[in-house]
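Everything below concerns the one structure shown next.
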Amino acid sequence: GSPPPSAQWFFQGRLSGTDNASINEAKGEYQLLIKQTTVAQSEGTYRVVLKNEVGEVQSTPCLLTILEPVKLTRVKPTSSIIDLEEGKAFDITVD
């Protein structure tokens with residue numbers, strides 16, 4: 001817009017602070033970058049309000065869902081013999 005608008009980000013209906021986030025505004029794009037996501041602190045509804053001298057407009061609320069990371073564990077082989085069918089893929093990694 002002209003003049004360029006300023007952005008205000010809201011989380012759960014309240015003005016979002018920048019303690020755990022940074023706000024980027026470049027070339028007409030507005031981004032809220034969350035530094036450390038946790039379910040308790042980051043999961044919820046976000047929206048942005050853009051304002052300039054002409055007026056203001058707000059985005060549709062966006063729901064952010066945080067997924068817990070998958071925990072991988074190593075499985076030790078039960079045998080040194082591997083049966084492999086012809087045409088099947090096989091990967092092996094040695095530490």
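General remarks:
- Every residue from the range 7-23 that is over 14 Å from residue 62 (Cβ atoms), of a type outside the set (A, V, I, L, M, F, W, C) and modelled with pLDDT under 90: 17, 18, 19, 20, 22
- Scope the range 24-39; condition under 23 Å from residue 67 (Cα atoms) and modelled with pLDDT of 85 or more; matching residues: 31, 32, 33, 34, 35, 36
- So residue 44, is it over 16 Å from the mean Cα position of the chain (by Cα) and not aromatic (Phe, Trp, Tyr): no
- Residue 54 meets the conditions (1) more than 30 Å from residue 24 (Cα to Cα); (2) hydrophobic (A, V, I, L, M, F, W, C); (3) over 31 Å from the mean Cα position of the chain (by Cα) in every case but one. The failed one is (1).
The values are calculated or read from the model by the stated rules, or taken from the named source; none is laboratory data. All values derive from a computational prediction rather than experimental measurement. As a convention, Cβ positions derive from the backbone with ideal geometry for all residues, glycine included, and neighbour counts pool all protein chains shown.
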